[in-house]
Each structure stands twice: as C-alpha cells, then as structure tokens.
Amino acid sequence: MRTSPAELSPAQFRAIGHDLVDRIADFLGALPSRPVAPDTTPRAMRALLPAGGMPATGEDPALIAKESAELLFANSTFNGHPRFFGYITSSASPIGALADMLAASVNPNVGAWGLSPIATEIELQSINWIADMIGFPSPRENVPSVSSYSVQVADRVGGILVSGGNMANMVCLLAGLRAVIGADKRTRGFEMIPGLRIYASAEVHTWLVKAADTYGFGTNAIRAVPVDASLAMDFKALTRMVAEDRAAGLRPAVVVGTAGSVSTGAIDPLPEIAALCKREKLWFHVDGAYGAPAVVLADAPASLKALSLADSVAVDPHKWLYAPMEAGCALVRHARHLHDAFEFHPVYYKFEGAAEDPPVNFHEWGPQNSRGFRALKVWMTLRQVGRDGYRRMIADDCALARELHALAGAHEELEALTYSLSIATFRYVPKGPARSADELNALNTAILARLQAEGRVYVSNAVIGGTFALRACVVNFRTDSADVHALVDAVVVAGRQLSS
C-alpha cells in the first residue's frame, strides 16, 4: 500500500485540527487586548522563519501547525481588531474561516460544473443573493431564482466571484468593452477602436489604471473627471468632456461611477450618469466594491440606490459583507456580456450537460480556468447574517464613523474634514500659534507613523485638496463607541507629543 508524506490519518488530522481550532478560538477571544499591529521590520520577520533552503526531509505536522499559529498571532496586522480603522478590509466572519477550511479540504475546482457540482451551484446562489441584496439590476428586472442560472447565455443578470475589487472591476470593464466594441475586439484587439475613451472621477481607485496598462489600451484613454466639493464626480464636467471628445472624433465607450471612494467614501451622481450613458450609448459601470452593500440601509443615499441602473457592478464580499479574504464579485446586467468576453472552447475541455439543463462552467465566465471555492465562505456568512443582520451591522459602522466625525468636530485640537458612509477624515491642529499648511501636513504625517508603530490603534490617510488627513474607516462588527473614543484620545496624545 502506498504511503505519502503529505497524508494525515483521520486521527492525526482530528488531533491537529482540534488543537488549531482551540488556538484560533483563544486568539479571537483575546483579540481586543492585543496590539493592532506589530512594530517590526522585514529583517526581523525573516529572522523568525526557518534558516537555510527548503528542508530536505519533512517535519512534524503538529509542530508546524502550532508554530505557524504562533507566528501569525504574534506578528500580524489584525484587520479584525476593533481598533483597526485603516483600510476597507473588514473583520472576517468566524464561520467564514471555518468555511475556508472546509472548502480547502474538499478542494473542488470551480472552473467546470463537472469538477464542482455543488460548489458551482453554491457560487451561483451566492452571486444571486448579492445581486438581490444590492438591488441589481433594477427591481423590474430582478434576479431570477438560482435554478434559472442554468441557462448559460441569457438576457439576465450574471456574475462570477474573483479575488477582490481590482479583479471584479477589471472583469466588468472587459465585458463592457467587448459589448461596446463588438466581436472583432477578440481578434483585432483595441486597434479597431482608436481614440477609445473611458471616463472616471479623479478620485477613482487605481484599478482603472492597472486595467488600462494590463489590457493594453493605455492610460491616455482614461479621462479623469474633476470632482465637486463633496469629492464626487462633477456631472457637468463629465457631460462636457463626452461632448468634446465626440466632436474631436474620439470614441467615448465607458463611464465608471464610484459608489464609495476609497479615500472619503464619496458617491458619484449615479442617476445622472446612468441617464447620460443611456442617451449616449455608453457602458455604465459602478465600482461598488466598498459602498454597494450600504444600499440595504433605509436611509441609503438616493444616488447610491441608482447603482441598480448600471450595466455592471463590482462588489467585494471581503469588505462590507464581512467575508474572509479573498472574495470579490463581478456582476453584469446581462449574463451574455460576461460570457461573450471570456468564452473559449479548447479541445482539452469537454464539459457538457443535458440541453434542457445545461451546466454553468465558470471558466467561460471569467479569466481563470482553475478556480478555488471562494463562494463557500461568502455563502455561509450570508446565511448566518441574513439581510436584516447586514442592515444592522452596516448601520452600526456608519453610526460609529459619524460619531468619530462629530467628536473630531467638537474637539478643540482636531479638525473634522469629511464624512461619508463609514469613512471619516480629520486632522490634528495644535492649540497656540497658527501653523502653515505644510507644517500641519508634516505633523499629521508624523502622527500617522507614530500611531501605526505603536499599534494601539490603526488608521490610514487621505489627501483632500492638498490637506493630509487622518482617515478612519469602520467596516468592523467588533468596533464600538469605546474604540472610537480611544482613537480620538490616541491622536490627541500623539499630536501633543509631536508638536511640543
């Protein structure tokens, strides 16, 4: 009988697994008392790893699991910590962590239905639920039941789970460009569309620049639309730019609206953009990687609700749906556009099914052939939380950011700058003689570095009209009011020390 150095007996797996789950449970329970981030260096981290090259002989798996847990628990930046306000990576649901272990244990390849029957259907249902949750498409064209997804190329909503916001947006963009340019895009590429223009707010995430570079149409094709005082896209400027480009013989193709900018949470005027795109026959994409789930709130901004009018939307379950990383979701109004962009039939793939119930093979819907089972952690978290649970948690996050903005506005040494969704920006302004703009920027830059090194709270930054701001984002079901007050106190203490 063959033996393998990679195998574990059921008894070994059970013992190691039980011990690891116990360690993780203790870690999660003690998380609030730990530093948010370590004060360390790359050299110090490398010194903790085994010396030399790859080991010639294997090691004890129980010891490997124990040492790996200790390394991660002692030397990580914890985005699940209640005082992590830095970036839009949420506290991950514990059930999602268990889902990842279960998914990895079964290890389906969700590139073809025949290789992953139930995993494929779970992913389709997850996509269905996310689309339904955010109201995409508009209610009169609502998402069908999961069983009707079996129609591969249909005039109904479609989607796929990818690694995160960059990939979700890039998948949607390629589907949009294929729809605008037509079938020749595959064989002739972008040579057939000289003067291609894509419009986005000056505050758009860098995914668009990466896409322009990766796809080869070049960053000169991107038209950065100025923003208004709220840092949302200036719609009048967009209208003018599209008209000017048409008059110059260029080819407007896509408008990207942002539903929650990364710096301040600003929301572009999505209803107006939708109307313009319909009139001008442009593809309307919404980057809702962060902000789209907030549409479930009763008091959601009217502009946010208009994401239902888009041709495609990107959503990140590992942001405001609290799934473990990695999990992004690309949604298109008409599934055929996603299929048209990615369908290939190599001779070495023979995945067919009954004509009356054809399977979905995800390798035809996105850039990957081999695909891990990302959907399980999303699906299990969606089931545990439910729509009402998300409504409550997202509302709590927004309320905490609003509270932080109010605290900063009321404090004599802080200046509140912006608030939108669950992002608040502010800065430290010391009492006494007035400081120049450059001095205040330098001071707040130093405060940021001090806070991140100390590890008691963790914030990031934004630059707003030349002003360096401290930026706090709340996408964390563990954060409460005491943590917000602790952040204010930490900023003031650091500001006083560094400005004295």
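The values are calculated or read from the model by the stated rules, or taken from the named source; none is laboratory data. Every value quoted in this text rests on a predicted model; they were computed, and no experiment measured them. As a convention, Cβ positions derive from the backbone with ideal geometry for all residues, glycine included, and neighbour counts pool all protein chains shown. With ligands, DNA and RNA removed, areas are computed over all heavy atoms of the protein, side chains included. Shrake-Rupley method; radii C 1.70, N 1.55, O 1.52, S 1.80 Å.
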Report summary line: For segment 117-134 the number of residues that are at pLDDT below 95 and not in a helix (DSSP H, G or I) is 0
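Go through segment 99-113 and give me each residue that's hydrophobic (A, V, I, L, M, F, W, C) and either open to solvent by 40 Å² or more (accessible area, probe 1.4 Å) or not in a loop (DSSP other than H, G, I, E, B) (or both). Outline the logic, then answer.
Within segment 99-113, the first condition is being hydrophobic (A, V, I, L, M, F, W, C), and the residues that meet it are 99, 101-104, 106, 110, 112-113.
Selection gives Ala99, Met101, Leu102, Ala103, Ala104, Val106, Trp113.
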Query raised in the report: Which residue pairs have Cβ atoms closer than 6 Å, lie 6 or more positions apart in sequence or on different chains, and pair a first residue in segment 21-44 that is more than 14 Å from Leu72 (Cβ to Cβ) with a second residue that is at pLDDT 95 or above and open to solvent by 70 Å² or more (accessible area, probe 1.4 Å)?
Result: Val36/Arg83
Query raised in the report: Within segment 168-224, which residues are open to solvent by less than 20 Å² (accessible area, probe 1.4 Å), assigned to a helix (DSSP H, G or I) and among the polar types (S, T, N, Q)?
Result: Asn169
**Report entry** The lone exception for Gly96 - which of (1) open to solvent by less than 80 Å² (accessible area, probe 1.4 Å); (2) in a loop (DSSP other than H, G, I, E, B); (3) touching a residue at least 12 places away in the same chain (Cβ under 8 Å) it fails
**Finding:** (2)
Query raised in the report: Among (1) closer than 25 Å to Met233 by Cα; (2) in contact (Cβ under 8 Å) with a residue 60 or more places away in the chain, which single condition is Leu196 missing?
Result: (2)
Report task. Return yes or no: is Arg83 among the basic types (Lys, Arg), crowded, with 16+ Cβ neighbours inside 10 Å and either under 30 Å from Gly265 (Cα atoms) or without any contact (Cβ under 8 Å) to a residue 60 or more places away in the chain (or both)? Result -> yes
Query raised in the report: For segment 290-317, which residues satisfy the criterion of being part of a loop (DSSP other than H, G, I, E, B) and in contact with a strand residue (DSSP E or B) (Cβ under 7 Å, 6 or more places away or on another chain)?
Result: Gly291, Pro301, Ala310, Asp311, Asp316, Pro317
Report summary line: Subset of segment 239-272, residues without any contact (Cβ under 8 Å) to a residue 60 or more places away in the chain and out of contact with any helix residue (DSSP H, G or I) (no Cβ under 7 Å at 6 or more places or on another chain), comes to Arg240, Met241, Ala243, Glu244, Asp245, Arg246, Ala247, Ala248, Gly249, Leu250, Arg251, Thr258
Query - Which numbered condition Ala442 fails, given (1) at pLDDT 95 or above; (2) in contact with a helix residue (DSSP H, G or I) (Cβ under 9 Å, 6 or more places away or on another chain) - result: (2)
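If you go through segment 335-342 one residue at a time, do you hit one that is modelled with pLDDT of 95 or more and either of a type in the set (D, E, K, R) or part of a helix (DSSP H, G or I) (or both)? Don't jump to the end; show me each part of the working.
The first filter runs over segment 335-342 and keeps only residues modelled with pLDDT of 95 or more, leaving none.
Taking every residue of segment 335-342 in turn, none turns out to be modelled with pLDDT of 95 or more and either of a type in the set (D, E, K, R) or part of a helix (DSSP H, G or I) (or both).
Quick one: is Leu238 of a type in the set (A, V, I, L, M, F, W, C), surrounded by 23 or more Cβ atoms within 10 Å (Cβ to Cβ) and more than 27 Å from Arg374 (Cβ to Cβ)? Talk me through it step by step, then tell me what you get.
Numbers: of a type in the set (A, V, I, L, M, F, W, C): yes; surrounded by 23 or more Cβ atoms within 10 Å (Cβ to Cβ): yes; more than 27 Å from Arg374 (Cβ to Cβ): yes.
When the stated conditions are applied, Leu238 passes them.
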Report task. Identify the residue in segment 1-33 that is open to solvent by 90 Å² or more (accessible area, probe 1.4 Å) and of a type in the set (D, E, K, R) and, among all such residues, is nearest to the chain's Cα centre (by Cα). Result -> Asp26
Query - Residue check for Arg374: open to solvent by 50 Å² or more (accessible area, probe 1.4 Å) and within 29 Å of Asn166 (Cα to Cα) - result: no
Report task. Give me a count of the residues in segment 300-339 that are touching an Asp or Glu at 6+ places or on another chain (Cβ under 7 Å), of a type in the set (D, E, K, R) and open to solvent by less than 10 Å² (accessible area, probe 1.4 Å). Result -> 0
Requested in this report: Determine the pairs where a residue that is in contact (Cβ under 8 Å) with a residue 60 or more places away in the chain, located within segment 426-437, has a partner that is among the hydroxyl-bearing types (Ser, Thr, Tyr) and open to solvent by less than 50 Å² (accessible area, probe 1.4 Å) with Cβ atoms under 7 Å apart, the partner being 6 or more residues away or on another chain.
Outcome: Pro430/Ser499
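When you look at Gly265, is it in a loop (DSSP other than H, G, I, E, B) and more than 30 Å from Leu115 (Cα to Cα), yes or no? Write out each step before concluding.
On the way: in a loop (DSSP other than H, G, I, E, B): yes; more than 30 Å from Leu115 (Cα to Cα): yes.
So Gly265 passes the test.
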Report summary line: Checking Ser90, Ser116, Ser68 in turn, the sole residue that is over 30 Å from Glu364 (Cβ atoms) and buried (at least 16 other Cβ atoms within 10 Å of the Cβ) turns out to be Ser90
Query raised in the report: Checking Val255 against (1) part of a strand (DSSP E or B); (2) in contact with a Pro (Cβ under 9 Å, 6 or more places away or on another chain), which single condition isn't satisfied?
Result: (2)
Requested in this report: Given the conditions (1) modelled with pLDDT under 95; (2) among the polar types (S, T, N, Q); (3) closer than 19 Å to Met325 by Cα, report the number of the one that Ser147 does not fulfil.
Outcome: (3)
